[in-house]
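Derivation of every value follows stated rules applied to the coordinates shown; laboratory data play no part. Predicted model, so just to flag it, every value in this text is computed and none were measured. Glycine also receives a Cβ, built like all others from the backbone with ideal geometry; neighbour counts cover every protein chain displayed.
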Amino acid sequence: MRDSLNRLDLHRRDIRRGVAIVEDNMNPDNDGFQDSSRMLSPLEASQLLTDEYSAKILLATYKRKISAQEISQRYGIPIAACYRKIRILEEVGLIECVERILTQKGKRKNLYTSCLRNAYIFFENGKLRARFQLSTGQVKDFGGDWNGLDLMKQ
Amino acid sequence: MREKDVSRLLTDEYAERILVATQSTSRSVQEISDKYDIPIAACYRKIHELEEAGFLNVAEIVTTPKGKTMKMYRSLLKSAQLVYEGGVFRVKFEFDIDKDINGKWIELNAALDS
């Protein structure tokens, strides 16, 4: 069930973006950027975190399974914006749908959880760099050089 | 400046673009608006907010051939780091000038958690 859903979802994304998307677990040795987020600029990447709603959604889903409705109510995010941001975060792989439950009214409800373990956004000398570390161990870098050394300096 | 203000400024798509735009050269509001695709009214408003918070200042005032004066803004922010670890958002700013929040880590969770 879950698998077919995933495939459906991937298929939908393929159509929308008009590009082939390689599923990460098919190729564990890739550089971590074979999916849709490869197209993000450092500014777009950093705005995934600096956007107020996105930041709130990331906090809401941290080590927790939560529905869009609950996030919207708890954090005061308008429901349509909440769904939209969730979809964006899901597309770049920062959150994922881990469960689909049936509510008492018989409605399907997706439960999301954050896949983001650590994130670093550095703005220096007019250049923006972003690094996302996912719970899968995957690292996504945007812009500039990341040699890992500058992370130690903080 | 309080955490809530920092967080509000930072979690704003236009503020970030304006700071990137004015990093190496001073620019007019019109220029920033055109180049970074920010609606002009929002651009003025955001620039004034950033100026008040001390992230930007007017580097020079130029006169256009039409005789209009134009303020050129420049970012005072030398570097900024946003770190998310263990479910906690923190930011640190370094400015070209002396400021109370210079080099201090500021936690944003409380401001976001409401």
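Evaluate the following for A:GLU96: is it farther than 18 Å from B:GLY87 by Cβ and either part of a strand (DSSP E or B) or away from chain B (no Cβ under 14 Å) (or both)? Spelling it out, it is not the case that A:GLU96 is farther than 18 Å from B:GLY87 by Cβ and either part of a strand (DSSP E or B) or away from chain B (no Cβ under 14 Å) (or both).
In the set A:GLN133, A:GLN138, A:GLN104, which member is touching a residue at least 60 places away in the same chain (Cβ under 8 Å) and not basic (Lys, Arg)? So that I can check it myself, show each step before the final result.
Details: A:GLN133 fails: touching a residue at least 60 places away in the same chain (Cβ under 8 Å); A:GLN104 fails: touching a residue at least 60 places away in the same chain (Cβ under 8 Å).
The unique qualifying residue is A:GLN138.
When segment A:51-69 is limited to residues that are in contact with a helix residue (DSSP H, G or I) (Cβ under 8 Å, 6 or more places away or on another chain) and away from every other protein chain (no Cβ under 13 Å), the one that is farthest from B:VAL91 (Cα to Cα) turns out to be A:GLN69. Only one of the numbered conditions (1) surrounded by 16 or more Cβ atoms within 10 Å (Cβ to Cβ); (2) within 12 Å of another protein chain (Cβ to nearest Cβ) is not met by B:CYS43, and that is (2). Checking each residue in segment A:106-139 for being away from every other protein chain (no Cβ under 12 Å), part of a strand (DSSP E or B) and farther than 11 Å from A:LEU94 by Cβ picks out A:ARG108, A:LYS109, A:ASN110, A:LEU111, A:VAL139.
Considering segment B:77-114, the residues that are surrounded by fewer than 12 Cβ atoms within 10 Å (Cβ to Cβ) and of a type outside the set (D, E, K, R) include one that is farthest from A:GLY126 (Cα to Cα), namely B:SER114.
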